[in-house]
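What follows is one structure encoded as structure tokens, with my remarks underneath.
None of the figures in this text is laboratory data; all of them are computed from the coordinates on show. Keep in mind the model is a prediction, meaning the values are calculated, not measured. No Cβ is skipped: glycine too gets one built from the backbone with ideal geometry, and neighbour counts run over all protein chains shown.
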Amino acid sequence: MSGGSDVADTTSLSCARCGKPARLQCPKCVELKLPREGAAFCTQDCFKASWSSHKAVHLKAKLSSLGTGTPHEQNSDLLNEDWLYCLKKGQARTPKLPHFDWTGELRPYAISRRRAVPAHIELPDWAADGIPKTEPNSDLQHVVEIKTPDQIERMRETCRIGREVLDAAARVIQPGVTTDEIDRVVHDATIAAGACLHFALRLQEAFVLKCGGYPSPLNYHFFPKSCCTSVNEVICHGIPDARKLEDGDIVNVDVTVYYKGVHGDLNETYFVGNVDEESRRLVQCTYESLEKAIAIVKPGVRFREIGEVINRHTTMSGFSVVKSYCGHGIGELFHCAPNIPHYGRNKAVGVMKAGQTFTIEPMINAGVWRDRMWPDGWTAVTADGKRSAQFEHTLLVTQTGVEVLTGRLPSSPNVFPWLNA
Ligand code: MF3
Ligand code: CO
Ligand code: CO
């Protein structure tokens with residue numbers, strides 16, 4: 001590149017959008033002294049048409065000029081680029097907290113860089129570019145699939161892995177641990193799943209089977225992490241970040257594993273140190289409401305009954321049921337039919353049939369049922385800032401009732417006092 005910074009000098013440059021000879025330059029790029037290639041456009045029309053994608057160049061440049069000195073006590077171990085607050089759909093990150101009328105005390109913290117997935121792991125179709133391709137166009141968004149015996153066997157395996165991964169996360173929860181560390185445990189346990197077989201086959205010098213799971217949330221609609229961690233007033237889809245768990249917090253960890261072509265989805269809400277009485281009641285009530293809902297599952301039962309059972313149990317205790325987020329069908333797709341509302345008087349269609357697989361995942365609030373969305377486009381919080389709890393299982397409808405594919409194991413950590421009575 002030759003020296004001159006003459007704004008009008010676009011000779012020999014071509015339009016960053018259409019490739020025609022360029023006649024103007026983006027003034028912001030000039031101000032920021034960015035490379036003239038990529039800043040040149042043929043016409044105002046091309047410049048305007050490029051704006052939504054082009055402006056990211058400015059943000060990136062500003063961020064890299066910030067240096068490494070941003071002060072923040074909990075983030076000293078994270079690189080400068082990891083300071084950025086994640087904005088919706090992977091479009092951008094900003095170094096400043098956006099203006100928002102936060103509903104409670106919780107705030108977002110730095111998000112660490114994307115964790116790597118080894119090359120041998122089978123990926124869902126959003127892993128590379130953040131966009132699910134099969135899922136939104138599938139007939140299975142309208143028709144509830146009856147799984148084949150082979151699909152069911154794979155669901156069993158995947159859901160069991162999901163359970164072991166969630167249990168691994170539960171074991172590290174204590175005050176001082178960041179939700180990013182929980183994400184690391186989930187990520188590493190997921191990609192390591194099935195590795196024994198991988199290893200054994202290598203030792204025998206047999207062909208290497210694809211194994212190890214993929215953490216389904218990672219890059220799903222651009223979600224930046226491998227699991228969801230939802231603290232206190234967060235209802236669901238909290239993004240693991242550099243915030244340290246504090247004594248008295250409650251935290252939900254939601255794990256989904258993709259393995260052998262199918263997903264297994266489950267979550268639990270954990271206590272961090274000593275938790276107040278009302279929060280303990282909230283978490284126990286949520287656990288029980290899921291148990292009661294599972295207990296009615298069998299062929300012939302209407303999907304809409306699930307919400308009635310959950311609503312009855314939780315309103316009795318003075319809590320409220322979230323309406324914006326529902327349970328879902330699951331299998332080769334992460335989210336598909338049926339839709340399973342958890343609230344009363346819902347309009348869910350259809351009756352259960354043997355061979356169907358779906359989740360029930362009630363989110364129960366201590367105060368009002370209404371939710372708000374943080375500006376990151378993911379974090380759902382209670383409108384009044386009071387706490388929210390959730391539990392989730394992936395279920396199979398059997399001839400006689402239900403199989404809880406993600407059920408607790410004898411090895412699962414003993415973290416819920418009411419299970420000891
Ligand atoms: N696991 C969540 C569920 O229960 C979905 C998380 S999607 C993510 O349906 F992108 F937020 F991770
Ligand atoms: Co789910
Ligand atoms: Co889930």
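List of remarks:
- Set 292/347; 260/292; 260/353; 323/386; 55/96; 244/292 screened for pairs whose C-alpha atoms are more than 26 Å apart: 260/292; 244/292
- Relative contact order (%) - criterion: Cα under 8 Å, at least six apart; region: the range 357-406: 39
- With neighbour counts taken as other beta-carbon atoms within 10 Å, the residues 258, 287 rank, fewest first, as 287, 258.
- The range 204-278, relative contact order in percent, only Cα pairs under 8 angstrom and at least six apart counted: 27
- Length gained on full extension, residue 172 to residue 101, computed as 0.36 nm times the residue gap minus the Cα-Cα distance: 22.4 nm.
- Across the range 139-420, the relative contact order, built from alpha-carbon pairs under 8 Å that are at least six residues apart, equals 22 percent.
- Over the C-alpha trace of the range 139-420, radius of gyration and Dmax come out as 18.2, 61 angstrom.
- Ordered by the number of other Cβ atoms lying within 10 Å of each residue's own Cβ, fewest first, 403, 332 fall into the sequence 403, 332.
- Coupling constants for the range 390-396 follow from the phi torsions by the Karplus curve (6.51 cos²θ - 1.76 cosθ + 1.60, θ = phi - 60°), and in residue order they are 8, 9, 9, 10, 9, 10, 10 Hz; glycine and proline get x.
- Per-peptide average of other Cβ atoms within 10 Å, ordering 108-114, 218-224 highest first: 218-224, 108-114
- Note on residue 33 and residue 316: the model spin-label points, each 7 Å out from Cα along the C-beta direction, lie 7.1 nm apart.
- Packing-based exposure ordering (other Cβ within 10 Å, fewest first) of 166, 32: 32, 166
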